[in-house]
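Notes follow the structure.
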Amino acid sequence: MTDELMDYDDALALYDPVLGLEVHVELNTNSKMFCGCSTEFGAEPNTQTCPVCLGLPGSLPVVNGKAVESAMRIGLALGCEIAEWCRFARKNYFYPDMTKDFQTSQYDEPIAFDGSVTIEVDGVPYEIPIERAHMEEDAGKLLHVGGATGRIQGAEYSLIDYNRAGVPLIEIVTKPVRGTGYNAPEVAKAYVSFLRDMLRSLGVSDVRMEQGSLRCDANVSLMPKGTHELGTRTETKNVNSLRSISEALRYEIRRQAAILASGGRIIQETRHWHEDGGYTSPGRNKEQAEDYRYFPEPDLVPIAPSREWVEQLRGTLPEMPSVRTKRLQEVWGFTDREFGDILAGSALDLVEATVEAGASPAGARKWWVTELARRANEAGLELSELAITPAQVAALQKLVDAGTINDKLARQVIDGVLAGEGEPDEVVRSRGLAVVSDSGALEAAVDRAIAADPDAAQKIRDGKVQAAGALIGAVMKEMRGQADAAAVRALVLHRLS
Ligand SMILES: [Zn+2]
């Protein structure tokens, strides 16, 4: 890494960054975009291929209807218009991972266009304008063997796996995103994080960045402050984690600022992000659209989704994640900090289900965020993997609310449920954990405590009420914690008044 870098704050004092984000999403359809081959991840190389996805002469593609439906639902969730009529196009190039020597994609007629989403960074909303979401197919995968790095440089030979060739992809492209200023890298990260949550709630993709089912190319250019003409942009590829998105953009902003400030000019190119070293390096010069010689795909019929179909799909959209979290925080009446604990602990779904099962929001939050989070942490499990259900937590809280058990006993009930001893009320019975409400037994215990500690008893008779603590403690100990401390206190004071 030999790039000159400008201090980030200095760069932002001189230039306004303009972002452009291209996100590729692999759809989770069972079969490929234009043939019936399986899309399952991790199969033996080249076992999921056929004449269509190998591009053999005479083979004819057929569009995957489920993929079109997913594309439209994604477009609608992004606030896009859905095309009344659109076509596929051939994007021509030579690459060994695509035997057809073209990629079937969409060019000037995308299925979804002109949308917008709003994301937040530190409570500040940013509107991200969406240019388009279009359908295309993935390429195969190259494996370079013999080199030290797994890259083509230094490799002895390369192997090709066509299992991934033809897997349906949606490419989501933003318009230039201006006005993000200092927060530009964080805005990009928040946007991709938003997309990930949104795509997951739509159920259209596994959205695993580490497996490549969600991939982001991050473009950035700089405009001198006070000007409005877009600068030359670079496109950073291979950014496969949320953290890398903000780091790669921060790096590019600092690199470009150093070049521009010394009178140089930015080369329009693809750059690669190196996660280990935390820098970008130049790849190929960026092709222009005309280099690809796009033309309409003659083997596929155009797609003309009826407005009824579009409206029916609009009706299937789930509540967007950001809308849902806002709604739940409001309904539950939590402060930002209380609600933040729930989000940070990945407990939102569990708390919601517990409330639905009849617990108060505060009760549901209390168990999941503290006691159960601690158990999960100790066991090295996700919270949702604990052997206790939201319904059982709600039942536990109801036992506390009814005064059958107190919080301390409830923790023992949790032990029992986690140990497979049954429902909370069964554990209370089998372990004999209920608070003693038999007033005769309590009174007897109070009398024994008074008899055992005549000094304390005399002090209370003399009006020193704080001396009651010793007697209450003795009673609670005898009752093994299974008493209501307030009731014991009232009883002690009553006996000695
Ligand atoms: Zn195939």
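Annotations for the structure displayed:
- Considering the conditions (1) more than 16 Å from the ligand (Cβ to nearest atom); (2) touching a Pro at 6+ places or on another chain (Cβ under 6 Å), residue 81 is excluded by exactly one of them, (2).
- In the stretch 292-348, residue farthest from the chain's Cα centre (by Cα) [restricted to those that are within 30 Å of residue 90 (Cβ to Cβ), of a type outside the set (Phe, Trp, Tyr) and not in a loop (DSSP other than H, G, I, E, B)]: 296
- Which listed residue is of a type in the set (Val, Ile, Thr), farther than 30 Å from residue 104 by Cα, outside any strand (DSSP E or B) and more than 16 Å from the ligand (Cβ to nearest atom), from 253, 245: 253
- Every residue from the stretch 252-284 that is surrounded by fewer than 18 Cβ atoms within 10 Å (Cβ to Cβ), of a type in the set (Gly, Ala, Ser) and at pLDDT 90 or above: 258, 261, 262, 263, 264, 278, 281
- The set of residues in the stretch 350-377 being of a type outside the set (Val, Ile, Thr) and loosely packed, with under 13 Cβ neighbours inside 10 Å consists of 356, 374, 377.
- Only residues that are in a helix (DSSP H, G or I) and at pLDDT below 95 were counted in the stretch 58-93, giving 0.
- Residue in the stretch 110-127 that is more than 30 Å from residue 183 (Cβ to Cβ), away from the ligand (no atom under 16 Å from the Cβ) and not in a strand (DSSP E or B) present: yes
- The stretch 96-109 - residue that is touching a Pro at 6+ places or on another chain (Cβ under 9 Å) and outside any strand (DSSP E or B) and, of those, surrounded by the fewest Cβ atoms within 10 Å (Cβ to Cβ): 109
- When every residue of the stretch 42-49 is checked against the conditions, at least one turns out to be away from the ligand (no atom under 16 Å from the Cβ) and exposed (fewer than 15 other Cβ atoms within 10 Å of the Cβ).
- Subset of the stretch 179-206 [among the aliphatic types (A, V, I, L, M) and either farther than 17 Å from residue 27 by Cα or part of a loop (DSSP other than H, G, I, E, B) (or both)]: 184, 187, 188, 190, 204
- Note on the stretch 142-171: among residues that are within 26 Å of the chain's Cα centre (by Cα) and assigned to a strand (DSSP E or B), the one that is nearest to the ligand (Cβ to nearest atom) is 168.
- Among residues of the stretch 234-263 that are at positive phi, those with a Cβ under 9 angstrom from a residue that is assigned to a helix (DSSP H, G or I), sequence gap 6+ or separate chain, pair up as 238/244; 238/248.
- Residue match in the stretch 154-162 (condition: without any contact (Cβ under 8 Å) to a residue 60 or more places away in the chain, buried (at least 20 other Cβ atoms within 10 Å of the Cβ) and either farther than 30 Å from residue 63 by Cβ or assigned by TED's automatic domain parsing to the domain that holds residue 242 (or both)): no
- Which listed residue, of 475, 492, is surrounded by 15 or more Cβ atoms within 10 Å (Cβ to Cβ), more than 25 Å from residue 412 (Cα to Cα) and outside the structural domain of residue 404 (by TED's automatic domain parsing): 492
- Cβ pairs under 7 Å, 6+ apart, first in the stretch 38-52 and closer than 19 Å to residue 28 by Cβ, second hydrophobic (A, V, I, L, M, F, W, C) and surrounded by 12 or more Cβ atoms within 10 Å (Cβ to Cβ): 39/167; 48/37
- Residue list for the stretch 285-338, restricted to those being surrounded by fewer than 16 Cβ atoms within 10 Å (Cβ to Cβ) and touching an Asp or Glu at 6+ places or on another chain (Cβ under 7 Å): 285, 304
- Qualifying residue in the stretch 63-79 (condition: surrounded by fewer than 22 Cβ atoms within 10 Å (Cβ to Cβ), among the hydrophobic types (A, V, I, L, M, F, W, C) and in contact with a Phe, Trp or Tyr (Cβ under 6 Å, 6 or more places away or on another chain)): no
- Against the conditions (1) away from the ligand (no atom under 16 Å from the Cβ); (2) modelled with pLDDT under 95; (3) within 28 Å of residue 192 (Cβ to Cβ), residue 96 satisfies every one except (3).
- Among (1) within 16 Å of the ligand (Cβ to nearest atom); (2) assigned to a loop (DSSP other than H, G, I, E, B); (3) in contact with a Ser or Thr (Cβ under 7 Å, 6 or more places away or on another chain) - the single one residue 28 does not satisfy: (1)
- Set 480, 429, 489: member being in contact (Cβ under 8 Å) with a residue 12 or more places away in the chain and either closer than 23 Å to residue 363 by Cα or not aliphatic (A, V, I, L, M) (or both): 489
- Only residues that are free of Cβ contacts under 8 Å to residues at least 24 places away in the same chain and basic (Lys, Arg) were counted in the stretch 264-299, giving 1.
The values are calculated or read from the model by the stated rules, or taken from the named source; none is laboratory data. Source: prediction; values computed, not measured. Positions of Cβ are generated from backbone atoms using ideal geometry, with glycine treated the same way; all protein chains shown enter the neighbour counts.
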